[in-house]
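Heads up, the thing below is written out as structure tokens.
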């Protein structure tokens, strides 16, 4: 195979590293907290690209090609996050540090929103995170998707009032308040575990091994 | 040893390794930000600011200075830079143009649906799905089922119109 | 032992893999399917799928961000 078209982008890389260093240094003069978050953001983007992690693939591939590798990896991510969040929340409440979790109100618009989001991410070839990653990778298609995302988000945000008025809304349900922490965690991890087994079975079945 | 270094630089990393690192990063964001990681809220706010400055949206009072103090701005910006850097480190940077106009339209429509759906549900795959479930919120699980159903519908559309 | 190629250039995930699966059905054991893509996820997805199906897969980055794949059908 002719490898002459594979050239090192090292110079660009060095330049970019200097740029990032400058950015981080400047930001650290303003706020350590924002600097940390920027660094975390960079880490997210880096890891997502390097591991080819795709949440759309996790939900779509069992349906379209019978593969559940990413689905199972996503379930692992969910499990780690559930445990980590519980720990952090508990730790923060012990020290009286205010911390908010994503316990969102529930309404018809939650389901409609989910449906639209699911359809949209398959058509766009990425979810909101995926779009940002692919813009970073240089995909023109996701530049266009981003444009749509921006417009759609404004339309969505501004129509929220109408959805609430027409269909109403219930406050979010924080499961530990109802079941207690330990039963909640056990329940959630059990469900994830069942889904994981199901995902593994599904792939084997699609591959004809089961 | 050299092969391991090659894999770290070029990728791909194993999915489960990605999952573990992402999980830890997700928890770190919660600690530093005192609220979970999310993507679309910040995008929407920036869109409001741009729209106001272009004169097509009524002013909701977001100033540039204010936007630059929001944690979401730095998470999203960082993500973009990080993904680019990851591609650059592996010398895989290249512009990947759209090669068929059907993908232009599916990207545009897909993006619109995603943006709209994410904001009426208070979040996207990360904010409402991943971190809704991570927050032990029932809404998160319901949203997850809705997104999965939507994925099924979207897949049908893909097979019909994009193959 | 024939070589086949399908054009998956610029196709959105997972269309390349769906097309590859379809093509493989019409191929004989020992035939090779050649693919080229500029999408890291597509390339990875095909490799993962091929390995899960116990096909022989060779992946090579032939230019910056362009992957060349050779999939050998080892069984029906």
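Miscellaneous remarks
- Considering region B:45-78, the residues that are in contact (Cβ under 8 Å) with a residue 24 or more places away in the chain and closer than 30 Å to residue C:38 by Cα include one that is nearest to the other protein chains (Cβ to nearest Cβ), namely B:75.
- Lone unmet requirement of (1) out of contact with any helix residue (DSSP H, G or I) (no Cβ under 7 Å at 6 or more places or on another chain); (2) outside any helix (DSSP H, G or I); (3) at the interface with another protein chain (Cβ under 8 Å from one of its Cβ atoms) for residue C:12: (1)
- Some residue of region A:107-128 being more than 7 Å from chain B (Cβ to nearest Cβ), at pLDDT 95 or above, surrounded by fewer than 20 Cβ atoms within 10 Å (Cβ to Cβ) and not in a loop (DSSP other than H, G, I, E, B): yes
- Any hit, region B:91-99, residues being more than 7 Å from chain A (Cβ to nearest Cβ), farther than 22 Å from residue A:31 by Cβ and free of Cβ contacts under 8 Å to residues at least 60 places away in the same chain: yes
- Check on residue B:42, at pLDDT 95 or above, crowded, with 16+ Cβ neighbours inside 10 Å and more than 7 Å from every other protein chain (Cβ to nearest Cβ): yes
- Residue within region A:27-50 that is more than 8 Å from chain B (Cβ to nearest Cβ), in contact (Cβ under 8 Å) with a residue 40 or more places away in the chain and surrounded by 19 or more Cβ atoms within 10 Å (Cβ to Cβ) present: no
The values are calculated or read from the model by the stated rules, or taken from the named source; none is laboratory data. Bear in mind that the values here come from a model prediction, so they are computed numbers and not experimental data. Positions of Cβ are backbone-derived with ideal geometry, glycine not excepted, and every protein chain shown enters the neighbour counts.
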